[in-house]
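None of the figures in this text is laboratory data; all of them are computed from the coordinates on show. Every value quoted in this text rests on a predicted model; they were computed, and no experiment measured them. Here Cβ is always computed from backbone atoms with ideal geometry, including for glycine, and neighbour counts include all displayed protein chains.
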Amino acid sequence: MPIAEMECRQIVVIGAGPAGAIAAALLKRQGHDVLIIERQQFPRFSIGESLLSHCLDFVEEAGMLEAVNAAGFQMKNGAAFACGEQYSAFDFGDTFSNGKPTTFQVQRADFDKLLANEAERQGVEVRYREAITAADFSGEQPILDVQREDGTAFRVQARFVLDASGYGRVLPRLLDLEAPSNFPLRQAVFTHVEDRIDDQGFDREKILVTVHPTQKDVWFWSIPFSNGRCSVGVVASAERFVGKPDDLDACLRAFIDETPSLNRVLQNAVWDTPARSIGGYSANVKTLHGKGFALLGNAAEFLDPVFSSGVTIAMRSASMAAGVLHRQLQGESVDWESEFAAPLKRGVDTFRAYVEGWYEGSFQDVIFYPGSSPDIRRMISSILAGYAWDERNPFVAEPKRRLRMLAEICASPRP
């Protein structure tokens, strides 16, 4: 296919999702020329609908908070956990880190389009329905081959490329950067429903994470939106799907039927949207950066959806990368490993410790332990609110050791 044209830009961002929009806006606010290339047309469906409080710190940094506050999204003030008749709720207004006390639960199609529009409003150029087909980082500056929806193609040369392509993982695929994840393969089956929830114990201002009553490694999310709808999904390893219906809607309903407390919450729901599935989503890469590029968010690594950490990690990586890149473009000497990759990984590893603890059962023991001190609950709440980089918090500074010690205290048989 002939390449008809070559374009020269300062910064190209791959992907217009939250990481891409935030990074592009931050760099544009510093006076840089930024082009976002997005394969899909927005709005488009995405999961990851329950934001953590720390997300709004980056939304605010990028000058988008006023627009997000005005959009009418469902307010979120914490996270609730249920297992059988056990129930434990954490309030983001009462955390060790004293971060933002509330955040939002959003339909990502609307939220992501809003952030992309805000980036455009600030002067970022966003092009939809354009796909990166090849990438050459061997020369003085990176060159990307791009194909438009109509089949025409062009090349763009940039001083630097930020990959915020999410599950598309554009540069990891094209540059052979993908590495195996050490997490077991799990699958999520999910849908949106008209929820009609009338359960007096259900708090629409919190995500509800429900544990299967007999299979503690199987869990559900329930994320209510402001329009009377709710995102509902189940996450389980492959063997837990054995014997379940092949039809995704029937499969999801079968898991919920086995979980009386959640079945009760959703007893009036109108199941009006076909279920979807995503599997093998945990991912890793050999490096987060290289000559002329850095990887943001899910393009670099995705752990697990259990604590809704994906968008937070994405936005945090966008903010950090934008700061380092701005200084580099100003002529400063920067070290991407020590100033971006290593500090980003510290927070990711904190989340990882608690995700692993969740599936092992130790963190579930901590979550549902009725005798935890208020101070410990505030430290845990900080992590659940996204402040996994606040190393003043002992449960961030030493996550594995602290969790192990606390789990030994809290371990007790649950019904």
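How much length is gained if the chain between A71 and N263 is pulled fully straight, taking 0.36 nm per residue apart and subtracting their Cα-Cα distance, in nm to one decimal? Walk me through the numbers on the way to the answer.
Details: separation 192, 0.36 × 192 = 69.12 nm, distance 3.08 nm.
The A71-N263 span can extend by a further 66.0 nm.
Report the Cα centroid-to-centroid distance between the stretch 325-379 and the stretch 26-70 in angstrom, as an integer.
Using only Cα atoms, the two centres lie 21 Å from each other.
Be a star and scan the stretch 162-176 for residues whose amide nitrogen sits under 13 Å from the point 7 Å along the Cα-to-Cβ vector of E7.
Inside the label zone: nothing.
What is the percent of Cα-Cα separations in the stretch 242-310 that go past 17 Å? Don't skip to the end; give the middle numbers.
Working: 1477 of 2346 pairs.
It works out to 63 percent of all Cα pairs.
Which whole-number value in Å³ per residue fits the convex hull of the alpha carbons of the stretch 186-279? Write out the running numbers ahead of the final one.
Numbers: hull volume 8.5 nm³, N = 94.
That works out to 91 Å³ per residue.
Taking the chain, how many lysine pairs are there with alpha carbons less than 26 Å apart, if each pair must be eight or more places apart or span two chains?
20
HN-Hα J couplings of the stretch 139-155 from phi, Karplus 6.51/-1.76/1.60, θ = phi - 60°, integer Hz, Gly and Pro as x?
Ordered by residue, 3J(HN,Hα) equals x, 4, 9, x, 10, 10, 8, 10, 10, 7, 4, 7, x, 6, 9, 8, 10 Hz.
Quick one, what does Rg over Rh come out to for the stretch 286-375 if you take C-alpha atoms and the Kirkwood Rh? Walk me through the numbers before you get to the answer.
Numbers: Rg = 16.5 Å, Rh = 14.8 Å.
When Rh is taken as the Kirkwood radius, the ratio is 1.11.
Given C-alpha coordinates of the stretch 1-71, what is the ratio Rg to Rh with the Kirkwood estimate of Rh? Write down the numbers at each step before the final one.
Numbers: Rg = 14.8 Å, Rh = 14.1 Å.
Computed over Cα atoms, the ratio is 1.05.
Assuming 0.36 nm per residue, please report the length gained on full extension of the stretch M405 to V334 beyond their Cα-Cα distance.
Values: separation 71, 0.36 × 71 = 25.56 nm, distance 3.86 nm.
Once the chain is fully extended between M405 and V334, it gains 21.7 nm.
Using alpha carbon centroids, what distance separates the stretch 146-214 and the stretch 123-141, in Å?
A separation of 20 Å, based on Cα centres.
Jot down the radius of gyration and Dmax of the stretch 100-176, Cα atoms only, both in angstrom.
Over the stretch 100-176's Cα set, Rg and Dmax evaluate to 15.5, 48 Å.
Counting Lys and Arg as +1 and Asp and Glu as -1, each charge on the Cβ, what is the dipole of the stretch 352-410 about the Cα centre in debye, to the nearest 20? Could you put the intermediate results ahead of the total?
On the way: 8 positive and 8 negative charges, 19 e Å.
It comes to approximately 100 debye.
Please give the charge dipole size of the chain, origin at the Cα centre, charges +1 on K and R Cβ atoms and -1 on D and E Cβ atoms. Round to the nearest 20 debye.
Charge dipole, the chain, about its Cα centre: 320 debye, nearest 20.
How would you rank 134-144, 392-402, highest first, on the average number of other Cβ atoms within 10 Å across their residues?
Details: 134-144: 15.5, 392-402: 17.3.
Averaged packing, sorted descending, gives the order 392-402, 134-144.
Once label points are set 7 Å from the Cα along Cα→Cβ at both S138 and R196, what is their separation, rounded to one decimal in nm?
6.2
Candidates (i) 30; (ii) 23; (iii) 38; which is the computed percent of Cα pairs over 34 Å apart?
It is the one labelled (i).
In whole angstrom, note down how far apart the Cα centers of the stretch 90-115 and the stretch 253-321 are.
About 16 Å separates the Cα centre of the stretch 90-115 from the one of the stretch 253-321.
Quick one: putting +1 on the C-beta of Lys and Arg, -1 on the C-beta of Asp and Glu, what dipole do you get for the stretch 192-261 around its Cα centre, in Debye to the nearest 20?
160
Using only C-alpha positions, report the orientation-averaged shadow area of the convex hull of the stretch 56-133, nm², one decimal. Walk me through the numbers on the way to the answer.
Values: hull surface 33.6 nm².
Computing the convex hull of the Cα atoms and averaging its projections yields 8.4 nm².
What is the extension gain from A179 to R127, computed as 0.36 nm multiplied by their sequence separation minus the C-alpha to C-alpha distance, in nm to one decimal? Before the final figure, lay out the partial values.
On the way: separation 52, 0.36 × 52 = 18.72 nm, distance 2.95 nm.
Separation in residues times 0.36 nm, less the Cα-Cα distance, equals 15.8 nm.
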